[in-house]
1. By count of other Cβ within 10 Å, fewest leading, how are His276, His49, His224, His186 ordered?
2. Gap in Å between the Cα centre of the range 152-185 and the Cα centre of the range 296-352?
3. Just the projected area, averaged over all directions, of the convex hull on the alpha carbon atoms of the range 120-212: how many nm²?
4. Hand me the chymotrypsin sites (Phe, Trp or Tyr not before Pro) from the range 69-134 located in a DSSP loop with no more than 13 other Cβ atoms within 10 Å, in residue order please.
5. Arranged from highest to lowest average of other beta-carbon atoms within 10 Å per residue, in what order do the peptides 141-152, 168-179, 124-135 appear?
6. List, in the order given, every pair from Lys53/Lys177; Lys75/Lys305; Lys81/Lys223; Lys135/Lys312; Lys51/Lys206; Lys177/Lys350 whose Cα-Cα distance in the structure shown is over 29 Å.
7. For the residues Cys327, Cys336, Cys225, what sequence is obtained by ranking on other C-beta atoms within 10 Å, fewest first?
Amino acid sequence: MKRRSYGIRWRTKLAVLLSLSFCIGTLVLIRKQHDRILSLDNSVSSQPHPKPKIAFLFIARNRLPLDVIWDAFFKEQEEGKFSIYVHSRPGFLFNQATTKSRYFYGRQVNNSIQVDWGEASMILAERILLHNALKEATNERFIFLSDSCIPLYNFSYTYEYIMSSPTSFVDSFADTKEGRYNPKMHLVIPMHNWRKGSQWAVLIKKHAEIIVNDTTVLPEFQKHCRRRSLPEFWRDRPLSIDASKEHNCIPDEHYVQTLLAQHGLEDEITRRSLTHTVWDMSSSKGHERRGWHPLTYRLSDASPKLVKTIQKIDNIYYETEYRREWCSSRGKPSLCFLFARKFTRAAALKLLDTGALILN
């Protein structure tokens, strides 16, 4: 009887010891796992967060004739602050043979299309650029630039100016001029949402995503928004149809503005472009400077005075809305433009060589 009682006590003690050992072992494992998690958290928190990038979206015919200017703009800057995408004709490659700037090597989008001025294909090119740029999570601002644009300031100033604003910069005004709005769009795009402005916009990510995901407004533009088939001023050919019966709708001057109005987002935009363009040709000399296209600055135009004149502009007057907008940044008065167009290669190089443009 005593042996049996002794055996029971021994087994009980053994069970208790095993239970204690299991509990201690479990606590040790939990502590190690906890320490490992803390170590990982500390490692992640100690790593610097990636800085938000500006995506520079160039729309080009083939080459970028002002690549040397942009090379000076990007040179010695933190490449973690910007990314570059170029929409050129299908099949065109940017390499050592086609550009003098390493920043453009391989930066062409591979799904580009043939773009015709005044057609909806320009909208498609913009959407292709945005689609590619949105694949990079750190891209937070998106700038549309033409192949004839120049920067007016260095990269640091440009970056701080753009990133400090929570809004998109979209030149947008109510377009009430007869002949531009096609009544066939009314069921989808009511007249009160019809807008016009410059295609050279700066977008926040939210607005870029809306443009890429749009499946409602774009089809209406493809069907009903086309430029009037007037001949260019240098071409001597008869009109194919009665132009008075056409709607002179330039898709890239209406699409982004109208789409954002459709979504009720006009409170989230600063209603001006950051790219300066001269459209008033009345004082220009020579027939080559009159027509639908903006003024082109040539070698004889390039001077420090020209750059300073554009840089000093601090307000914009919108004739169709009888309003003057004073430019501001971070709630304070500021200069209006960061970029300007259209410049020939010779004019832009002269500005850089003479020190009229200081980009570093």
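Only the coordinates and a few stated rules stand behind these numbers; no lab work does. Just so you know, these numbers come straight off a predicted model, no measurement behind them. Note: ideal-geometry Cβ built from the backbone for every residue, glycine included; neighbour counts use all protein chains shown.
1. By the 10 Å Cβ count, ascending: His49, His186, His224, His276.
2. Here the answer is 15 Å between Cα centres.
3. Computing the convex hull of the Cα atoms and averaging its projections yields 7.7 nm².
4. Working: sites: Trp70, Phe73, Phe74, Phe82, Tyr85, Phe92, Phe94, Tyr103, Phe104, Tyr105, Trp117; in loops: Phe92, Phe94, Tyr105, Trp117.
Answer in residue order: Trp117.
5. Details: 141-152: 23.2, 168-179: 18.2, 124-135: 20.2.
So the peptides 141-152, 168-179, 124-135, ranked by packing, come out 141-152, 124-135, 168-179.
6. Details: Lys53/Lys177 38 Å; Lys75/Lys305 25 Å; Lys81/Lys223 39 Å; Lys135/Lys312 37 Å; Lys51/Lys206 18 Å; Lys177/Lys350 40 Å.
With Cα atoms farther than 29 Å apart: Lys53/Lys177; Lys81/Lys223; Lys135/Lys312; Lys177/Lys350.
7. The most exposed by this proxy come first: Cys327, Cys336, Cys225.
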